[in-house]
Structures are given as structure tokens and as C-alpha cells.
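Written below as C-alpha cells is the structure these notes are about.
The values are calculated or read from the model by the stated rules, or taken from the named source; none is laboratory data. Since the model is a prediction, treat every value here as computed from it, not as a measurement. Cβ atoms come from the backbone with ideal geometry, glycine included; neighbour counts cover every protein chain shown.
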Amino acid sequence: MLARARVRVRRTQGRVWDRRSTYHRSYGLGACYTDGRGVDQSLAEARWLYELAVVRGESKHAPGSLQGLNDPLLGQRVVLGGLTIAARNGTRGTAIDFSFCEKNPETRNWFTDSGRYTVRLDGPEGRLVRVRAASVAKAD
């Protein structure tokens, strides 16, 4: 009974939720996408969710988390280089996402060398490729 008294409950459109759940909406889901917990890691999706949390005023931590995701190449025109498939070197496109693909099993931290950009290549089919961060440079 005592624990229930501490949680303020209100009804909204027939659903019951408590005030603590507002923290776990956009901000919490953004944190899941940032860390890859339960979902495929996607910094573009995390950025969008953090922006939504800032607009909604869901968490005091959302602006700081959003600033931590400022990747200069996301959404920018890029050129690929240093790839094993020589035909793709010099190819241009747009960096649409970034994620890590391998964690250290001991520390559970991401290996920084495992970072990959998802790039939509120029052309009629708009092919998506994932390339190492070192193989992507900002186009002039």
C-alpha cells in the first residue's frame, strides 16, 4: 500500500500510466538505439528520438544525449575510399546511419574500430552499403 501511494497514477484515454513512464518514452527508447539494447543500434534513430524527447520535455538528460550524437557525417554527402572492392572507391552517396557491430565481451563496450556507416549510393537504385568509418570522407 505504501509503495502504491508514492506513484501518482492518472488516466489518459482509458489507459493507466504513472509519471515515471514519461521518462521511458522517447528518451528511453533513444538510449536503447544508442546502445543497441534490444534493438539494432542506429544513431540516426536515436538522434530522432532524443530530438522528440527534447521537444516534449520528457527528460532533463535529453539535450545532453542529443549533443553527444553530433556525428558530422550523418546526413552529409560522402565519398568512399580504401575499399577492397576497387570499383566502389570514389563512389559518392549520403551517410544515412552509423552503428557499431562488435562489443568487447569483457567490458560490454563497443569496439571503436567496428563502427560502420550506412551509405545510400548515388544512382537510380539508391543502393545501401555498410562501410567502415575510416573508408568514408566528406565530399567536397
Name the residue, out of R11, R20, that is of a type outside the set (S, T, Y), assigned to a helix (DSSP H, G or I) and at pLDDT below 85.
R20
Is it the case that T107 is part of a loop (DSSP other than H, G, I, E, B) and either β-branched (V, I, T) or loosely packed, with under 15 Cβ neighbours inside 10 Å (or both)?
yes
Within region 86-101, can one find any residue that is part of a loop (DSSP other than H, G, I, E, B), at pLDDT 90 or above and exposed (fewer than 12 other Cβ atoms within 10 Å of the Cβ)?
yes
Kindly indicate whether V39 is farther than 22 Å from K138 by Cβ and either in contact with a Pro (Cβ under 6 Å, 6 or more places away or on another chain) or at pLDDT 85 or above (or both).
yes
